[in-house]
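Asker: The following block contains the structure, expressed as structure tokens.
The values are calculated or read from the model by the stated rules, or taken from the named source; none is laboratory data. Source: prediction; values computed, not measured. Note: ideal-geometry Cβ built from the backbone for every residue, glycine included; neighbour counts use all protein chains shown. Accessible surface areas use protein heavy atoms only, side chains included; no ligands, DNA or RNA. Shrake-Rupley method; radii C 1.70, N 1.55, O 1.52, S 1.80 Å.
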Amino acid sequence: MTKWTADDVTDRTGTTVIVTGANSGLGAQVARVLAGAGARVVLACRDPGKARAVADTIVGDTEVRTLDLADLSSVRAFADGVADDVDVLINNAGVMGVPKGTTTDGFEGHFGTNHLGTFALTGLLLDRVRDRVVTVSSGLHRLGRIDDDLNWERRRYQRWLAYGQSKLANLLFAYELDRQLSAAGRSTGSVAAHPGVAATEGQRRDRSLQGKILAGGPAQSPRMGALPILYAATVPGLDGVCVGPDGLLQRRGHPTTVRTSRSSRNAELAADLWARSERLTGVRYSLARL
Ligand SMILES: NC(=O)c1ccc[n+]([C@@H]2O[C@H](COP(=O)([O-])OP(=O)(O)OC[C@H]3O[C@@H](n4cnc5c(N)ncnc54)[C@H](OP(=O)(O)O)[C@@H]3O)[C@@H](O)[C@H]2O)c1
């Protein structure tokens, strides 16, 4: 059987896609392919200068908008500025293995940026998303644990465990969003994706032994790493699944639906995290049955 590649992305003419973190790595590649397929692509990035530099290299219809997921006022301002419906929201942006620090709103850096920022953005935009929300997680979600200390105030800080927690939260969120959208009778879908291990800025930044061990062998190219995200964003009928690479241990390969940890499928844990995320961000989802 032939493997799915970026050439299989169908014509996107007439659609609008928001890609967070589109100025670098996987997000830039996803933006490039979707714009090349005819979509209007909004590059939602915290540094508009970097985003413009990438947009200038993309052939197609692009727009740069400022979004800092580590600052909920920036997330709100971004959402307020989205005037028209969008077809696909791709929650790609994230920090990886950064030292202990807090977001503008005082949340631990990974949890605040990768999960709470993404949760808030999606909640504020959801009524304007027509087709689907794609949320990018990681195989390292398996390191994560969701407990009472989401902001690492009582646990000894370990950055890759903090990253794992945020990526587990991304998966719990993506699956819970799918359940809530279905229960509300909405046609909008929610799909998770993970790239395996791909050689990007984020992946290279941590040169510690721990980071190298976790990366586990040679990384694939950003082009290959972007495929699961592109597949999740464009292939019909994927609601409530995670798309990742089909190779050994899901580290590399072509996109397919993949299994994720038992914790990530825990609906009770997901509902609890959802309620806490609404309280922490002040963003309440309005998913009443239509
Ligand atoms: N590469 C891998 O092997 C791998 C593996 C598993 C999962 N992932 C996931 O894939 C996604 C993309 O990562 P990548 O590998 O492409 O890394 P990357 O090259 O570092 O890209 C990350 C992007 O997120 C943006 N970002 C970080 N903090 C932000 C914030 N507060 N507000 C808005 N944007 C922010 C970055 O912006 P700046 O350029 O301004 O920092 C950058 O555009 C992440 O969610 C990551 O967890 C990657």
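Asker: Where does the charge balance sit around D178 when Lys and Arg score +1, Asp and Glu -1, over other residues with C-beta under 13 Å from its C-beta?
Answerer: Within the 13 Å Cβ shell, the charges total +2.
Asker: Which distance in Å, rounded to a whole number, links the C-alpha centroids of region 96-164 and region 248-290?
Answerer: Cα centroid to Cα centroid, the span is 11 Å.
Asker: Which of rounded, prolate, oblate describes the chain, given a ≥ b ≥ c as roots of the alpha-carbon gyration tensor eigenvalues and a/c under 1.5 marking rounded, otherwise prolate only if a/b is larger than b/c?
Answerer: Note, shape of the chain comes out rounded.
Asker: With the chain treated as a Gaussian network of Cα nodes joined by springs under 10 Å, which of N23, N266, N151 yields the largest mean-square fluctuation?
Answerer: Per the Cα network of the chain with a 10 Å cutoff, N266 tops the list.
Asker: Could you identify which residue out of S264, S137, S73 has the top mean-square fluctuation in a GNM of the chain using Cα springs shorter than 10 Å?
Answerer: Highest fluctuation of the listed residues: S73.
Asker: Additional query: Can you list residues whose amide H is under 5 Å from G38's amide H, if they're 5+ apart or on another chain and H is modeled 1.01 Å from N?
Answerer: R12
Asker: Next up: What does the helix-only formula give at 222 nm for the chain: each DSSP H stretch with n ≥ 4 adding -39500 (n - 2.57), the total divided by the residues, and the result rounded to the nearest 500 deg cm²/dmol?
Answerer: Rounded to the nearest 500, the figure is -10500 deg cm²/dmol.
Asker: What figure in square angstrom, to the nearest 10, would you give for the accessible area of L143 with a 1.4 Å probe?
Answerer: We get 70 Å² for L143.
Asker: How do E63, E278, E201, E153 rank by accessible surface area computed with a 1.4 Å probe, from largest to smallest?
Answerer: Result of the area sort, largest leading: E153, E201, E63, E278.
Asker: When the Karplus curve 6.51 cos²θ - 1.76 cosθ + 1.60 is applied with θ = phi - 60°, which whole-Hz ³J(HN,Hα) does each residue of region 138-149 get, with x for Gly and Pro?
Answerer: For region 138-149, the Karplus-derived couplings read 7, x, 6, 4, 5, 7, x, 9, 9, 9, 6, 9 Hz, x marking Gly and Pro.
Asker: Leaving ligands and nucleic acids out of the surface, order M96, M1 by accessible area at 1.4 Å, largest first.
Answerer: M1, M96
Asker: Looking only at T118, T13, T66, which one moves most when the chain is put into a Gaussian network model with springs between Cα atoms under 10 Å?
Answerer: T13
Asker: Oh, and also: Mind grabbing the accessible area of K100 for me, 1.4 Å probe, Å², rounded to tens?
Answerer: About 120 Å², rounded to the nearest 10.
Asker: A follow-up question, please. Compare the peptides 104-112, 246-254 by average per-residue count of other Cβ atoms within 10 angstrom and give them in order, highest first.
Answerer: Highest-to-lowest ranking by the protection proxy: 104-112, 246-254.
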